[in-house]
1. Ranked by accessible surface with a 1.4 Å probe, highest first, in what order do Met417, Met108, Met269 come?
2. Per residue of region 307-322, what does 6.51 cos²θ - 1.76 cosθ + 1.60 with θ = phi - 60° give for ³J(HN,Hα)? Whole Hz please, x for Gly and Pro, Karplus curve as stated.
3. In nm, to one decimal, how far is the modelled label at Arg399 from the one at Ser113, with both set 7 Å along Cα→Cβ?
4. Tally the DSSP beta bridges in region 289-406 and give the antiparallel ones as a percent, rounded to 5.
5. At a 1.4 Å probe radius, which order do Asp352, Asp150, Asp235 fall into by accessible area, largest first?
6. When you count, for each residue, the other Cβ atoms within 10 Å and take the mean per peptide, how do 525-536, 367-378 rank with the highest first?
7. Report, as a whole number in µm² per second, the diffusion coefficient that Stokes-Einstein gives for region 371-521 at 10 °C and 1.306 mPa s using the Kirkwood radius over alpha carbon pairs.
8. Sort largest first and round to whole Å: the equivalent ellipsoid semi-axes of region 422-505, each the square root of five times a Cα gyration tensor eigenvalue.
Amino acid sequence: MAIQTALFKTTPSLQNRQIPSPFPTKTALFPLYRVRKTAFGPCSFHLSRKKGFGNRGLLSVSAVLEAEQKESSNPSSSSSSSSKVRIVGLVGEGSVSPLQCAPWEQVMLHTASRLKWVDEGYEMLVVTDKILQFNDPSVETLRRELARADLLVIVAVRNQGSIDWVQRNSGNIPNIFCFDSSPSLRSKLGGAFVDTEVEGNIFSKIVRVVQGKNTNESKEVVKTVSEAWERHNSDDIRFCILVIINSYIKPVPILKNLRSKGLSTLNCMVTNCGPEILNCLLDPNCRKALQCLNSCAPTDQVCSYRCIASYESPNLEAFSLCVLQKNNCLALDAKIPAKPYVPPMRMFRGEDLSHEIAEDLFVGWLDSLEWSWRVVAGQNPAYDQFPCQYQLFYRGKARGSFWYEPVFRVRTLEGKMVWRRRRYRVRRDKIPGTFNFSVLDNGVVSKEFWTIVDVCDDLSWGLFHYSGAAQAAGQSYTGAVLVSPNGDYPPHSGDQRLASALEKCGIKEWELYTVDNRSCAGPPLGIPEGSSLHFKIKVQGPDKP
């Protein structure tokens, strides 16, 4: 919900990120490793290198020379290169991230690829500090890259030799960010050093900005980046880098929606939505929702969603509908992201995928069970941690109509467990297996583009990808959901096929949040009388989970 991010926490220095919708109903590159958790602890895993790939982090350093030669030999490259943002990521050799214990090198390489979804001009070179410790020939190339870098991101670097090398070779870099690294490494914002009292995370507590004029702005940026980093998910790691680019290097268009609108916003609200504002303030639930939203950090969509889900009310919906959807008092805008493009599956059970079969795959187990699918895991950090997510797909009474109703559980801020349900209209897109979804959710219209990436022939699992935007709320988002009939993870026999499907989406398995499907008794299921289900495929009913 963008009420909080856009209305109650607007700041002139920061702009809105590309963030997922807070509603849990919206829903690989660099394939170096296969990571699978074991039973020996949260950071225990089997790690196997895939054939045909070397250490991309180190190979990419030598590849820089080729890129430089091409750039210098191309007369037209000078104008295009001026719009580039050059980033270097230095990662501690062998360091492990909190993202399901994936290696930090792998996480940062994936971040580099996802930055391209935002702007092809973002060039991020990722290396480990191993090359600094063993006098690798690539060190000279790295030194040359640092000399022209706009931003240096340092992650989990603690080796003293590496620290000394960085200190000697980073003096001219205007922006440096150190995460989970030695306190001897210092960070900069626009050339201004940032000091901290807390060892390990350079953004944990700001003491002062040593140089520069915009100290308040710098502190706000550091606070935002710190909070995002501590959420430990791939979306927020990318967001950290985008915030820095936007604030100190060049504007990032997708971060434009947090600018304060000033008196024009207030005038629009009072002129057009006076009764809705008054009704909300007089309603205890609506008032609590606004107070709760105001306490959330500007980019914390999990916090925002919990506020909305905890205090949903007709008055809150009317308030959002008037201020955001009908009158667009915040002058916000958002488009459905064009990247990544994810192709739909082409065949099912040996037959070309048709619109009818694709709809049947969405309908899934409904009729044999009381639901179409249960969500096993999802990529989007704003909502995929919520328990007991059920999907209901069905054909409506009207000819050609198709509907999606997700049912999910939320623990409110007052400790209660409540069920929530939404209703989407679904329309076929041009290519079978692709669909357009739309919903009026808490007063704001969201439009989404869904793709059926893959569904196993026996319907034991499926993967659906989505891209969406709540235009009036200024939010755009992408993600994917892994589903099965009972909410259990697919059997190991499907590992390779699932890995391939995730790779089509540009998603790593360690990015997925596992949904808690325990204690899910009494979901408010059921579909309207007169609805129809499967048209072509046959589903055999299993024992009910």
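The values are calculated or read from the model by the stated rules, or taken from the named source; none is laboratory data. Note that the coordinates shown come from a computational prediction; the quantities given were computed from them, not determined experimentally. Cβ atoms come from the backbone with ideal geometry, glycine included; neighbour counts cover every protein chain shown. Side chains are part of the model used for accessible areas, which takes the heavy atoms of the whole protein and leaves out ligands, DNA and RNA. Shrake-Rupley method; radii C 1.70, N 1.55, O 1.52, S 1.80 Å.
1. Numbers: Met417 70, Met108 5, Met269 25 Å².
Highest to lowest solvent-accessible surface, that is Met417, Met269, Met108.
2. Going residue by residue, I get 4, 5, 5, 6, 10, 4, 7, x, 5, 5, 5, 5, 4, 5, 4, 6 Hz, with x marking Gly and Pro.
3. 4.6
4. 90
5. Numbers: Asp352 110, Asp150 40, Asp235 10 Å².
Heavy-atom accessible area, descending, gives Asp352, Asp150, Asp235.
6. On the way: 525-536: 13.8, 367-378: 22.8.
Going from most to least packed, we get 367-378, 525-536.
7. Numbers: Rh = 16.2 Å.
Here the translational diffusion coefficient equals 98 µm²/s.
8. Working: eigenvalues 146, 34, 31 Å².
Here the semi-axes work out to 27, 13, 12 Å.
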